Every structure is written in C-alpha cells, then in structure tokens.
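S.K.: Please see the structure below; I have some questions.
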Amino acid sequence: MIRHVVGDLYQIGESSVGEGGWHEAVRIYVLLNDGCPLIFDAGSHVHRGQIMAELHTLLGDTAPGYVFLTHTELPHTGNLSAILTAWPSAKLVVSSAILPYCELPWWVKEEQIMYGYAGTNAVYGGRAISFLDGILKDQPGTHWMYDAQTGTLFTADAFGYMLPTNSETLFDDEHADGIPTDWLKRYHASAFRFLPQCDGNKVNADIAKVFAKRNVNVIAPTHGNAIRHNVAQGVARFNQAIMEIC
Amino acid sequence: MELKIYGDTVSRVGVRQITPQIYWISHCLGECAVEVNGGFAADFAKLNPILDPEASDIIYNSFLFMDEKTLLVDTLSPGQHDTVLEALSDILGDRKLDYCWISHTELPHAGNIAAIQRAHPGLEIMTVANHDHYEVHGLADATLLNYGDVIDLGEHKIEIIKPLFVDHALTQWFYEHNTGFLCPVDWALNVHRADQCFRFMDEMEEVGYSVEQFMHEVSTTSRVVFPWIRWADPDATGEAVDKFFEQYDVKIFAPSHTNVIRKDLDKYTAALSQAMRMAIVGNFDLVF
C-alpha cells in the first residue's frame, strides 16, 4: 500500500504474516525529489507484483535516479532485479563496506554501482544524502542514511517492529499511544539475537549519539512503518525494549 | 598441495580434501584481489598496523560431506554460481546431493540456493528453526533444525549447536562428532596474501603466517564482522570461548572465512580467546 509519510517521502511495500498473526513489514521508502526519485531498499521478491505496481503508480512516467541499499540481505534486495529491469538507467548506491561481487546478484553491472562512505554527504539528483555506519545491525556492511530535507533517518533493520493484524499500515500517530514497546521488543529480540550478550545501556548510549548529531523528524525502518509524529517517544520505547532484551 | 581450480577472478573456486570424505570448496580472488575488491581486506591493516598490508584477500568457504548421505555446507556467493556447480558435479560424480545446510542467509553463504536446487532436484535445504517469515529470506520450504538436532549422514553425525557469535538472526553453527569438525560460520575471519590462497593454516605457516598474526587479525576483523561485541563484556566473552572449546573437542576448525585449521588446534583456540578480549576493548572506528 502506498502511504504518504511527510513532505515528498512515501512508504510502500507489503508485510508477511507469521506466528500468532504478527506481521513483519518489508518496506521501501521513496523520495520523489522533484523529478529524480530516490528509492531506499528494493523490497522482497515475495512481494514483487505489489511493489512494482505501487512503484509504477507512485512514480508514473518518471524513472528513479538512484536505488539506495541499506544492506544486501534478500528482504532488502530480493526485488532489485525487477526495479533495475524496469528502470535500467537507475544507479545503485551501496555501502563502501560491502564487496559487491560477493554481496550483490552476479548480474549487477559494475558501472551501475556507486558507493556511500560513512561520514560523508553526497548529492543525488540535487538532493543531499548523508551516510553513517549502521549502529545496530545484523550484517556488517549495513549503513544508515539521512535526508536532511525531510529529517528522515533510514535505519535498515533497527527500529523495526512487529505489527498485529489490522495495524499493518499505520504510522505511530495513527495508534492511540504510538508504537508500543512490546512491538519493538518482539522485533529486536528476534532480529538481533546477540542482544542478550550486550549491555543495554551501552546500546542506547550509541543510539543517542546518532540522534544528538542530527535533527531527526522521521525514523524509517525497513521492517516497520515510519515513525513520523513523535520521534522522542519512539526512541524512548526503543530504549526500553533494548533494556528488556539485554 | 593437491588442488583443483575452477574459473578465475570473481568466479574462481578451489577444491581440496580435508579428510577422505570432507571436501573444502572455497573462493578467493588471488592476484587480482586488490583490483577487484579495492583493497577492502587491506583496510583491516589501517585499523591495526600490526596486520600485513599485503594481505588483501578474503576466503569464502563451502564444505561437502561425502558419506552415505551427502551434505553441502553453504553455497558460496552469486559470483561463483557456475563454478560451484561444476566443482560439485566433479566431486559428486553419479551421486546426488541430499542436503544443503545454510549457516545463515547472507548472499555469500546462501546466494546459490536456487541454482543448486535446479541442478539437484529433490535437494533438502536445512536452516535454523525458531524464527519466522522464512519466505522473505528465500527459505520457505526449508527443513528447520533446532540446537541439539543431529543430521545423520552415516559415519558423520552433525550436531546443530548454538553459536557463540552471530550477526544474522538465522545463524547456527555445527559440530561433527566423529571428526571433530567445527563450522563456526563467520567467526575468526582472517585475510591472506596471493601466495597463501587455498592453504590450510599449517601450510600458511610455511609461507610466513603465524598464530600471533591470526590473533591480531581476528581481534580486528571481529570488530567489523560482529560490531555488537563493543557492547559485550570482554572477560565474560573470553570465558565463553574457553568454555566452548572445553565442551567441544575440535580437531578441524572450519569457519566460512578462514583458512581451515587442521593441526595444532590448541594454540589457535587459545589465540581466539585472547583475540575476542582484544576485539571488545579495541577501536571500532564508527561514524555515528
């Protein structure tokens, strides 16, 4: 389902239902960017038909200029072939910490790949995107990205949350009291199996450094809906979830 | 050394025998490593000046057990989709591939599942249980294994064990009881020079490698492979490593990104314990 987040930021993608009726979202975010759309992650191959239909509806005749990958796991790259087949001129922006020849499909052309370097800004279709390391991640080559124009932080797997049936597409402000801690905890306990070996205070201190350095208005996780209304509440509940897991 | 090589550069795969029934199928770049990977591996030496700046190559391992049943451990990455099939075909001959065990679902480990399934109809894919939403990871029809489950291949009994160090949630390790073969997946990643390709660790020592170098490499690469360890306790982690090797009598240490260690295990396991302590207290060089 296409959902407008804020400004020119849109969220699309589907979710898969699992045990107990809990849904795991697999999102793609799109910045329309005045004629040179930027796509963040490519979605799952399982949802190919819906994703491509939604992208065509959202973009119309405008080809995306760039596809940014947070990392290269299948839920984030499984639909890449459909996107690059539909729009072969799109460039692929990946973390400088990956080895494309091993971590991307073999048919991706070298000349199509651009690298994002943590600690740098670069301009894509007139839009500045900055890169930082993935601070909480399950794959080494994961990076996070930030769009200053909308204040959106793209956090890959971090800040994901499980969604109960009938809440699959809702943003934080569309719930009675934001995203419950329990939903965040369910996702992070499942996705980051190393957390019980960690000191939760240290995890949260590192996350706080990220938010202290930039003005984040929207958190855009791949496996959840955008947190667009009350970022402070979202971070506080994330912190609580981490403390309960660690 | 007995070695058969298939393909070259990004598709290059080498095959060696670890035991009469266990084959080591691996990929590394060789002479073109710096050109292809842009010095990726050599960047580790920037984090730790003790490391060899000429060591620019990383190994990607897969293992094939040829018993009453045959089992492939991981699939290598999409860049090797043709050569890994060719190597498998040569080793298997007329035999079929019964099982493919996926350590975790990153592309360098699981990227050729579909190609191998097409080439080996009836192949049973196995992966870790206690997760959910397998379809988005391409494992919708996989057999799910719990810690303690044993895959009986005949002479080889492969026990699924809980990993000490994980990155992806769908990660498990295994230990084979009769040979003492341990596959700890992404743990203990080392780097190597072009003259060290496809060598067992004891053969690397013949061309200048050392256990001390291994310790420093693992202490550095672990900060990249498992960045979460900066939030862990160094002593508790070191003790967990020591306890692990007390529990399992490891005779063949066969990770996914390390030259296989088949001799002098004790000195290397002691180095691993120290390396993890060093890793946790080291500089992670992160951009927040």
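S.K.: Scan the range B:253-288 for residues that are among the aromatic types (Phe, Trp, Tyr) and surrounded by fewer than 16 Cβ atoms within 10 Å (Cβ to Cβ) and report the count.
M.R.: Narrowing the range B:253-288 to residues among the aromatic types (Phe, Trp, Tyr): B:253, B:268, B:284, B:288.
Applying the additional criterion that residues be surrounded by fewer than 16 Cβ atoms within 10 Å (Cβ to Cβ) yields B:284.
Matching residues across the range B:253-288 total 1.
S.K.: Taking residue A:159 as meeting all but one of (1) open to solvent by 20 Å² or more (accessible area, probe 1.4 Å); (2) under 25 Å from residue B:133 (Cβ atoms); (3) away from every other protein chain (no Cβ under 12 Å), write down the number of the exception.
M.R.: Just one mismatch for residue A:159, condition (1).
S.K.: Could you check the range B:162-183 and list, in sequence order, the residues that are more than 14 Å from chain A (Cβ to nearest Cβ) and either closer than 20 Å to residue B:242 by Cβ or open to solvent by less than 20 Å² (accessible area, probe 1.4 Å) (or both)? Give the derivation first.
M.R.: First, pick out the residues of the range B:162-183 that are more than 14 Å from chain A (Cβ to nearest Cβ): B:174-183.
Correct list: B:174, B:175, B:176, B:180, B:181, B:182, B:183.
S.K.: Being within 14 Å of another protein chain (Cβ to nearest Cβ) and touching a residue at least 40 places away in the same chain (Cβ under 8 Å) is the filter; apply it to the range B:121-160 and report the residue that is farthest from residue A:45 (Cα to Cα).
M.R.: Residue satisfying both the conditions and the ranking: B:128.
S.K.: Any idea how many residues of the range B:138-160 are touching a helix residue (DSSP H, G or I) at 6+ places or on another chain (Cβ under 9 Å) and part of a strand (DSSP E or B)?
M.R.: Just the residues of the range B:138-160 that are touching a helix residue (DSSP H, G or I) at 6+ places or on another chain (Cβ under 9 Å), to begin with: B:138-142, B:144.
Narrowing further to those that are part of a strand (DSSP E or B): B:144.
Summing the residues that are touching a helix residue (DSSP H, G or I) at 6+ places or on another chain (Cβ under 9 Å) and part of a strand (DSSP E or B) in the range B:138-160 gives 1.
S.K.: Considering only the range A:227-246, state which residues are within 23 Å of residue B:236 (Cβ to Cβ) and open to solvent by less than 40 Å² (accessible area, probe 1.4 Å).
M.R.: Scanning the range A:227-246 gives A:241, A:242, A:245.
S.K.: Something else about it: State whether one or more residues within the range A:123-140 are open to solvent by 40 Å² or more (accessible area, probe 1.4 Å), within 29 Å of residue B:107 (Cα to Cα) and in contact (Cβ under 8 Å) with a residue 12 or more places away in the chain.
M.R.: No, that holds for no residue.
S.K.: For the range A:172-208, which residues satisfy the criterion of being more than 10 Å from chain B (Cβ to nearest Cβ) and not in a helix (DSSP H, G or I)?
M.R.: Passing the criteria: A:175, A:176, A:177, A:178, A:179, A:180.
S.K.: Quick one: is residue B:246 modelled with pLDDT of 95 or more, away from chain A (no Cβ under 13 Å) and farther than 30 Å from residue A:143 by Cα?
M.R.: yes
S.K.: Could you pull out the residue among A:178, A:151 that is in contact (Cβ under 8 Å) with a residue 24 or more places away in the chain, closer than 24 Å to residue B:286 by Cβ and either open to solvent by 60 Å² or more (accessible area, probe 1.4 Å) or small (Gly, Ala, Ser) (or both)?
M.R.: Working: A:178 fails: closer than 24 Å to residue B:286 by Cβ.
Answer to the selection: A:151.
S.K.: Looking at (1) touching a residue at least 24 places away in the same chain (Cβ under 8 Å); (2) away from chain A (no Cβ under 14 Å), which is the one condition that is false for residue B:107?
M.R.: Here residue B:107 meets the rest and fails (2).
S.K.: Just checking: which of the helices (runs of 4 or more DSSP H) contained wholly in the range B:21-136 hold 3 or more residues that are surrounded by fewer than 23 Cβ atoms within 10 Å (Cβ to Cβ)?
M.R.: Values: elements: B:33-37, B:43-47, B:81-92, B:107-110, B:113-119.
Hits in the range B:21-136: B:33-37, B:43-47, B:81-92, B:113-119.
S.K.: Go through the range A:206-226 and count every residue that is open to solvent by 10 Å² or more (accessible area, probe 1.4 Å) and of a type outside the set (Phe, Trp, Tyr). Even if it seems obvious, please write down each step before you answer.
M.R.: Of all residues in the range A:206-226, those open to solvent by 10 Å² or more (accessible area, probe 1.4 Å) come to A:206, A:208-209, A:211-217.
Narrowing further to those that are of a type outside the set (Phe, Trp, Tyr): A:206, A:208-209, A:212-217.
Residues in the range A:206-226 being open to solvent by 10 Å² or more (accessible area, probe 1.4 Å) and of a type outside the set (Phe, Trp, Tyr): 9 in total.
The values are calculated or read from the model by the stated rules, or taken from the named source; none is laboratory data. Remember, predicted model here, so these are calculated numbers, not experimental data. Here the Cβ is made from the backbone with ideal geometry for all residues, glycine too, and neighbour counts use every protein chain on show. Surface accessibility is based on the protein's heavy atoms, side chains included, excluding ligands, DNA and RNA. Shrake-Rupley method; radii C 1.70, N 1.55, O 1.52, S 1.80 Å.
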